[in-house]
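Notes follow the structure.
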Amino acid sequence: MVPNRLFNLGGLPVADLFIRGVDQVVVDNIKLAAIQRGLSVDRLVADALAELFGGTVQQRYHDLDALAGTWSKKDLQAFEEGTA
């Protein structure tokens with residue numbers, strides 16, 4: 001049985017990590033980098049730690065990006081009616 005604090009990411013156990021005493025300039029730069037990359041702060045830091053220490057970096061998918069924002073109101077209505 002896996003403890004509640006662990007969850008599964010690609011078959012690997014993953015735990016929460018809290019870091020205290022981080023300089024505010026570092027925090028601000030992390031937040032800015034996360035915004036620039038379109039990531040959450042948690043995802044950015046987790047990926048950076050994984051790259052540094054040999055973990056798994058979460059893959060981002062962009063296969064549906066071209067469709068984002070392309071539906072008309074008519075398309076949305078048809079989808080909602082078809083999936084209701």
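Readers should treat all values here as calculations from the given coordinates under stated rules, not as data from a laboratory. Predicted model, so just to flag it, every value in this text is computed and none were measured. So basically every Cβ, Gly included, is an ideal-geometry build from the backbone, and we count neighbours across all protein chains shown.
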**Asked** About its Cα centre, how strong a charge dipole does the range 12-57 have in debye, to the nearest 20, once Lys and Arg get +1 and Asp and Glu get -1 at the Cβ?
**Response** 80
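State the extension gain, in nm to one decimal, for the chain segment bounded by LEU49 and ALA34, taking 0.36 nm per residue of separation less the distance between their alpha-carbons.
4.0 nm
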**Request:** Give the order of SER72, SER40 when sorted by the count of other beta carbons within 10 angstrom, beginning with the fewest.
**Result:** SER72, SER40
**Request:** Return the loop-located chymotrypsin sites (Phe, Trp or Tyr not before Pro) in the range 17-80 (DSSP other than H, G, I, E, B) with at most 16 other Cβ atoms within 10 Å of their own Cβ; answer none if there are none.
**Result:** PHE18, TYR61, TRP71
